[in-house]
């Protein structure tokens, strides 16, 4: 294990103010994990630069001493993407928290990576504008982390993920070089490096500045809540809504366990006897919303809804959403621990996959609360367990892996918006072929030849997948191309 050498420590101290470098054990402990607290590791040091020049200097020092760097935003990630390395440095962007520009004429905002997601919409609100992606953790999560994980939110069905709402990035390489990617216009020339960087989980560069699109607040937004007697019928209703040509701003689903937990926590007015509920939000011009509300109510009743409610005012609309956005902490109140999964499936398979998750719940003897972005098939099963009970954490992890493998089997993916991090490395072996993994490693090497940026995350090695026996094989072959050794 690497230790902090006097030369490395001296160079770091020269690069940063005294209050921007943490090396004492007690000061490092708060950075030992992100939102996936089951995985913990204390780093060599934590750097908290306040200026671009300081961040560049830290990267150059680490490059010179060949010390790995893990960039960290607010630490709200759920896949271990910001898990430190014992022989590495955490580069915290928490102090890069300024909104640099709100440009209402061009409908954009230019912000530093440590700015909270919700703060962008709050700053744009006086101009009648807002930033569309809204993860449930938007009150705390940072925009730089959103870029790293390509976060979504309850309104991503209509307005897209982070990648669909970006215009430009400033990114630091491991050498401390500043790259300008994208433009403050609708398109930019050359390869789409903006899309490549989004969701790259800190493996290719460190986000130093973000330019996002702002949207005009719709004239009206209204939520329809529908209750169902079974999870499967609620899942089938999702496909019916989309099949009817209706594109909701948000289409979310919760099962009975998550409904009861959220209702006890938020008092959103949910029907606690329902096996599942759908929250369907329509937005746009007043007349358009009125027409769509009627159409959605009709589809829901035909799909077997036992009750359909329309939010009577803005306060009730926000209350309905508060229950959904508070579901994760609400479930945390009814179980010592829970394991939050993040797989994505084609919508037409929702009913089948939810039924299979219920079967797996019985098989593993662990409860599951389902709460997720039903409109785009992004599942978030919360597996309830008690880490103090021997073997239960391993059971929960195995259960989660089976869910992700199920997602792949029906044509989906092992992640939607939480990233791979360290959590889904093994499951990712079921997703990609050896040839595809080789290309991912080649892209990584093009940006970071020495593999010092967040190593060991997001993309598994070929040997890891082979040892697990889970490699997805194309054409029956399992070639092992020569790759850079990180």
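The values are calculated or read from the model by the stated rules, or taken from the named source; none is laboratory data. Treat the numbers as computed from the prediction; the structure is a model and nothing was measured. Neighbour counts run over all protein chains shown; Cβ positions are idealised from the backbone, glycine included.
Scanning segment 141-177 for residues that are closer than 17 Å to residue 209 by Cα, touching a strand residue (DSSP E or B) at 6+ places or on another chain (Cβ under 6 Å) and in a helix (DSSP H, G or I) yields a count of 4.
Criterion first (surrounded by fewer than 23 Cβ atoms within 10 Å (Cβ to Cβ), assigned to a helix (DSSP H, G or I), touching a helix residue (DSSP H, G or I) at 6+ places or on another chain (Cβ under 9 Å) and on the phi < 0 side of the Ramachandran plot) does residue 246 satisfy it?
Criteria not met by residue 246.
Residues that are surrounded by fewer than 18 Cβ atoms within 10 Å (Cβ to Cβ) and part of a helix (DSSP H, G or I) within segment 264-292 comprise 264, 286, 287, 288, 290, 291, listed in sequence order.
Here is a yes/no grid of residues against (1) at pLDDT 95 or above; (2) under 23 Å from residue 349 (Cα atoms):
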site	(1), (2)
384	yes, no
400	yes, yes
404	yes, yes
410	yes, yes
413	yes, yes
417	no, yes
421	yes, no
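Determine if segment 191-213 includes at least one residue that is assigned to a loop (DSSP other than H, G, I, E, B), over 20 Å from the mean Cα position of the chain (by Cα) and without any contact (Cβ under 8 Å) to a residue 60 or more places away in the chain. Yes; the residues of segment 191-213 include at least one that is assigned to a loop (DSSP other than H, G, I, E, B), over 20 Å from the mean Cα position of the chain (by Cα) and without any contact (Cβ under 8 Å) to a residue 60 or more places away in the chain. Look at segment 98-114: where a residue is within 11 Å of residue 131 (Cβ to Cβ) and in the same structural domain as residue 150 (by TED's automatic domain parsing) and a partner is surrounded by fewer than 17 Cβ atoms within 10 Å (Cβ to Cβ) and modelled with pLDDT under 95, sitting 6+ places away or on another chain with Cβ atoms under 9 Å, you get 108/184. Between 157, 186, the distinction of being free of Cβ contacts under 8 Å to residues at least 24 places away in the same chain and more than 22 Å from residue 54 (Cα to Cα) belongs to 186 only.
This table checks each residue for (1) in contact with a helix residue (DSSP H, G or I) (Cβ under 8 Å, 6 or more places away or on another chain); (2) over 30 Å from residue 371 (Cβ atoms); (3) assigned to a loop (DSSP other than H, G, I, E, B).
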residue	(1), (2), (3)
77	yes, no, yes
86	no, yes, yes
100	no, yes, no
106	no, yes, yes
110	no, yes, no
118	no, no, no
122	no, no, no
135	yes, no, yes
139	yes, no, yes
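Of 14, 45, all but one fail to be at pLDDT 95 or above and crowded, with 18+ Cβ neighbours inside 10 Å; the exception is 45.
Tell me the residue from 395, 389 that is surrounded by fewer than 23 Cβ atoms within 10 Å (Cβ to Cβ) and out of contact with any strand residue (DSSP E or B) (no Cβ under 9 Å at 6 or more places or on another chain), please. Full working, then the answer.
Values: 395 fails: out of contact with any strand residue (DSSP E or B) (no Cβ under 9 Å at 6 or more places or on another chain).
Exactly one of 395, 389 is surrounded by fewer than 23 Cβ atoms within 10 Å (Cβ to Cβ) and out of contact with any strand residue (DSSP E or B) (no Cβ under 9 Å at 6 or more places or on another chain), namely 389.
Among the residues of segment 312-331, just one is under 18 Å from residue 226 (Cβ atoms) and assigned to a loop (DSSP other than H, G, I, E, B), namely 312. Look at (1) surrounded by 24 or more Cβ atoms within 10 Å (Cβ to Cβ); (2) outside any strand (DSSP E or B) and you find that residue 369 fails only one, number (2).
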